[in-house]
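A short write-up of the structure that comes next.
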Amino acid sequence: MAARTLYSEPGVGWSALIWGPLFALLGALAELATGGPTHVVGWVLIGAALCGLTLPWVYARRRFLSLEVTTEQVRQGRETVAAERIASVTDVGAPVGTRVLGGGWSVPRKYDELPVELDDGTVVLAWARDVEALKTALAELAAKNHPEDENTEEQADDSRN
């Protein structure tokens, strides 16, 4: 059975590569509008250079800041965790020094963190721009992997009422 994607973030789109050539085109059009000499070759080289400078940035963001949650695995940056290892995402506290998924020292800037408990009891920090969507996807995996936890929580809620 093929893995179904529950949630994904690409890190950045490849469309960022057209920023440099667009800036060069605007420069060439400004030169043309002012009536002076138009340096077509120069603007083409500038557009190509800006595109070349943007390429490693896009590649790095797609490699280190992308994430994907499928029915078989959770991939954050360069780290992959089997879906069966996800135990819980609700009521999980993050102790100081909790390991961050993806191999970084801390959660990337502009990303929110989500504590995730694994099947061996360790807690790791997952991260996403839309942390609620990530939590929903991981909760679906946790419910599929550990259905007995859901029943115990429901029984505890019933006993309180």
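For segment 78-159, the alpha carbon convex hull comes to 101 Å³ per residue, rounded to a whole number.
Against the empirical 2.2 N^0.38 Å scaling, what ratio does the C-alpha Rg of segment 1-87 come to?
1.70
Enumerate the residues in segment 83-97 having an amide nitrogen under 11 Å from the point lying 7 Å beyond the Cα of residue 139 toward its Cβ. Inside the label zone: 89-91.
Ranked by solvent-accessible area (1.4 Å probe, protein heavy atoms only, all chains present), the residues 110, 135, 144 order from largest to smallest as 110, 144, 135. How big, on average over all directions, is the shadow cast by the Cα convex hull of the chain, in nm²? Its Cα hull, projected and averaged over all orientations, spans 14.3 nm². Taking Cα atoms only, the orientation of helix 131-145 departs from the longest principal axis of the chain by about 40 degrees. The charge dipole of the chain, taken about the Cα centre with unit charges on the Cβ atoms of Lys, Arg (+1) and Asp, Glu (-1), comes to about 1260 debye, rounded to the nearest 20.
What a 1.4 Å probe finds exposed on the chain is 59% carbon and sulfur by accessible area, rounded to a whole percent. Accessible surface computed residue by residue for the chain, with neighbouring protein chains in place and a 1.4 Å probe, gives 62 Å² per residue.
The mean of 1/r over all pairs of different alpha-carbon atoms in segment 31-126, once inverted, gives a Kirkwood hydrodynamic radius of 16.5 Å.
Estimated purely from DSSP H runs of n ≥ 4, each contributing -39500 (n - 2.57), the mean residue ellipticity at 222 nm for the chain is -14500 deg cm²/dmol once divided by its residues. Accessible surface comparison of 50, 141, 6, probe 1.4 Å, protein chains only, largest first: the order is 50, 6, 141.
Along segment 69-81 the Karplus relation, 6.51 cos²θ - 1.76 cosθ + 1.60 evaluated at θ = phi - 60°, assigns HN-Hα couplings of 10, 10, 6, 10, 7, 10, 10, 10, x, 9, 10, 10, 10 Hz to successive residues, with x for each Gly and Pro.
Can you give the FRET efficiency for residue 73 and residue 26, using 1/(1 + (r/R0)^6), R0 = 35 Å, r = Cβ-Cβ distance, to the nearest 0.05? Plugging the Cβ-Cβ distance into 1/(1 + (r/R0)^6) gives 0.20.
Have a look at 13, 51, 124 and report the one farthest towards the positive end of the charge dipole of the chain, computed about the Cα centre with Cβ charges (Lys/Arg +1, Asp/Glu -1). So the residue furthest toward the plus end is 51.
Taking Cα atoms only, the orientation of helix 147-160 departs from the longest principal axis of the chain by about 60 degrees.
Computed from the Cβ-Cβ distance with R0 of 30 Å, the FRET efficiency linking residue 132 to residue 15 stands at 0.70.
Computed extension gain for residue 91 through residue 63, at 0.36 nm per residue and net of the alpha carbon distance, reaches 7.1 nm.
The values are calculated or read from the model by the stated rules, or taken from the named source; none is laboratory data. Being a predicted model, the structure only gives us computed values, none of them experimental. When we count neighbours, we look across all protein chains shown, and the Cβ atoms used for this are built from the backbone with ideal geometry, even at glycine. Protein only, heavy atoms only, side chains kept; ligands, DNA and RNA dropped before computing areas. Shrake-Rupley method; radii C 1.70, N 1.55, O 1.52, S 1.80 Å.
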